[in-house]
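Taking it in order: structure first as structure tokens, then the write-up.
The values are calculated or read from the model by the stated rules, or taken from the named source; none is laboratory data. Since the model is a prediction, treat every value here as computed from it, not as a measurement. Cβ sites come from the backbone with ideal geometry, for glycine too, and all protein chains shown count toward neighbours. Please note that ligands, DNA and RNA were not included when accessible areas were found on the heavy atoms of the full protein model with its side chains. Shrake-Rupley method; radii C 1.70, N 1.55, O 1.52, S 1.80 Å.
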Amino acid sequence: MSAFMEMVNIFWLILLLCSIALIVIRLMGNRTVGQLSPFDFVIMVGIGDIIVTTAMDKNQDFFAGIGGLLALLALQQALSYLSLRSTFFRRLVEGTPVLLIRNGKIIQENFNKTRFNYDDLRQELHKLGMDMTEVKDIKLARLESCGVFTIIKNHDLEPVSKRDVSLYMKDLEDNPLSPMGQTWKRLHRMIEEIHEIKELLKKSKE
């Protein structure tokens, strides 16, 4: 029975510590629960270690565990503030992105520097729906400080957005003397005439 009660106590202790840890993480902000920087990773490991140690070690005081969580919160807030105020400190704590591909060319020395190999590159490209033959289409690719691989394709290969279409149509309207502008102007006039005919037919039926 004592073993069962001890298990119940551990369960409630872990539940309470996890609840407090969740509050602490929410106070740290959404950034901490996103892609982890090296510092954020250390904070998360520290929180997990405090929860397990406080719950499982009978010699560990409960309030000491809460104090540890609050200490991590204070440390995270202080370092976040310093990182916000100082670019140098932010680079020191969080690291800097490393450029891996520029204008379709692989930067080999940066691959060696980050220990990023071709298998890693192939895997990251596959996640983006690309393969190694499309490296030439990449304008910039880099390994972010949080470990995420990001790319920017050459402008002419980017998907067309609604805004691009709107700007293109506006250019046609603003330049009616160009061949495409004259074609658009005729189509626009035809659409207006069809609309007028439609309205006249509707009125005649009435």
Is one or more of the residues making up segment 120-137 open to solvent by 40 Å² or more (accessible area, probe 1.4 Å), under 26 Å from PHE41 (Cβ atoms) and in contact with a helix residue (DSSP H, G or I) (Cβ under 8 Å, 6 or more places away or on another chain)?
yes
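How many residues are of a type outside the set (S, T, N, Q) and surrounded by 13 or more Cβ atoms within 10 Å (Cβ to Cβ) when one looks only at segment 107-119? Working first, answer last.
Taking segment 107-119 and keeping what is of a type outside the set (S, T, N, Q), we get 107, 109, 111, 113, 115-116, 118-119.
Pick out the ones that are also surrounded by 13 or more Cβ atoms within 10 Å (Cβ to Cβ) and you get 107, 111, 116.
Counting residues in segment 107-119 that are of a type outside the set (S, T, N, Q) and surrounded by 13 or more Cβ atoms within 10 Å (Cβ to Cβ) gives 3.
Which of the helices (runs of 4 or more DSSP H) found entirely inside segment 1-96 contain at least 2 residues meeting this: loosely packed, with under 11 Cβ neighbours inside 10 Å and at pLDDT below 80?
Numbers: elements: 2-28, 30-33, 38-56, 62-85, 87-94.
In segment 1-96, 2-28 are the helices (runs of 4 or more DSSP H) which contain 2 or more residues that are loosely packed, with under 11 Cβ neighbours inside 10 Å and at pLDDT below 80.
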Within segment 130-161, tally of residues that are assigned to a loop (DSSP other than H, G, I, E, B) and either within 17 Å of the chain's Cα centre (by Cα) or at pLDDT 90 or above (or both)
5
Checking ALA74 against (1) in contact with a Ser or Thr (Cβ under 8 Å, 6 or more places away or on another chain); (2) free of Cβ contacts under 8 Å to residues at least 12 places away in the same chain, only one condition comes out false. Which one?
(1)
Looking only at segment 97-106, which residues are closer than 10 Å to SER145 by Cβ and either open to solvent by less than 30 Å² (accessible area, probe 1.4 Å) or without any contact (Cβ under 8 Å) to a residue 40 or more places away in the chain (or both)?
VAL98
